[in-house]
């Protein structure tokens, strides 16, 4: 039986990586796909593999990514190794972007989308605490926070602006197999 693929999307600061890490700690059987990003490896925040743009493009052209996209002036990639994990029957979770959802659904029609949300106030606090962006960049991110999903893509919403345990429980519930 093939594994299931879950794309975790939501605005910057919603806590996608925090929830994924918490779910992975409680479900060691999950494969948490580690993104490759054209950002310096010491930029902080999520765990990712930082590469130069030239290295990313070389790897993309070599077929190293199952999915890739551009956002915020950076390239992001999900390693092709997720295909092997899915074929082995393992569930895979990746931090995605609305920019890749249409391509992801085309390649993985059974993929489930988990939309992590939080209030604008909570997003602003979290983005400021990261210390990676200016006030203007944070304002721009907040302006994009209320995005629409691509046509035909449905998502299960996970609200993450209250107690973290509640959001983790909601994510774990979303990762459970559907009952017939």
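Here is a yes/no grid of residues against (1) under 27 Å from residue 141 (Cα atoms); (2) touching a strand residue (DSSP E or B) at 6+ places or on another chain (Cβ under 8 Å); (3) at pLDDT 95 or above; (4) surrounded by fewer than 19 Cβ atoms within 10 Å (Cβ to Cβ):
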{"residue": "9", "(1), (2), (3), (4)": "yes, yes, no, no"}
{"residue": "14", "(1), (2), (3), (4)": "yes, yes, no, no"}
{"residue": "44", "(1), (2), (3), (4)": "yes, no, no, yes"}
{"residue": "47", "(1), (2), (3), (4)": "yes, no, no, yes"}
{"residue": "63", "(1), (2), (3), (4)": "no, no, yes, yes"}
message: All but one of (1) part of a loop (DSSP other than H, G, I, E, B); (2) free of Cβ contacts under 8 Å to residues at least 12 places away in the same chain; (3) loosely packed, with under 12 Cβ neighbours inside 10 Å hold for residue 177; state the number of the condition that does not hold.
response: (2)
field: Test for residue 110: is it modelled with pLDDT of 90 or more, in contact with a helix residue (DSSP H, G or I) (Cβ under 9 Å, 6 or more places away or on another chain) and either closer than 20 Å to residue 149 by Cα or in a loop (DSSP other than H, G, I, E, B) (or both)
entry: no
message: Being under 16 Å from the mean Cα position of the chain (by Cα) and farther than 22 Å from residue 92 by Cβ narrows it down to one residue among 132, 126, 159; which is it?
response: 159
message: Quick test of your reading of the structure: residue 133 fulfils all but one of (1) in a helix (DSSP H, G or I); (2) free of Cβ contacts under 8 Å to residues at least 24 places away in the same chain; (3) touching a helix residue (DSSP H, G or I) at 6+ places or on another chain (Cβ under 8 Å); (4) surrounded by 15 or more Cβ atoms within 10 Å (Cβ to Cβ). Name the failing condition by number.
response: (1)
- request: Inspect all residues belonging to segment 104-112 and state whether any of them is over 16 Å from residue 161 (Cβ atoms), free of Cβ contacts under 8 Å to residues at least 60 places away in the same chain and surrounded by 14 or more Cβ atoms within 10 Å (Cβ to Cβ).
  value: yes
statement: With the first residue restricted to segment 79-101 and required to be at pLDDT below 95, and the second required to be part of a helix (DSSP H, G or I), Cβ contacts under 7 Å at 6 or more apart or on different chains are 95/16; 95/17; 95/20; 96/104
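The values are calculated or read from the model by the stated rules, or taken from the named source; none is laboratory data. Keep in mind that what you see is a predicted model, and the values were worked out from it rather than measured. For neighbour counting, all protein chains shown are included, and Cβ atoms are generated from backbone atoms with ideal geometry for every residue, glycine included.
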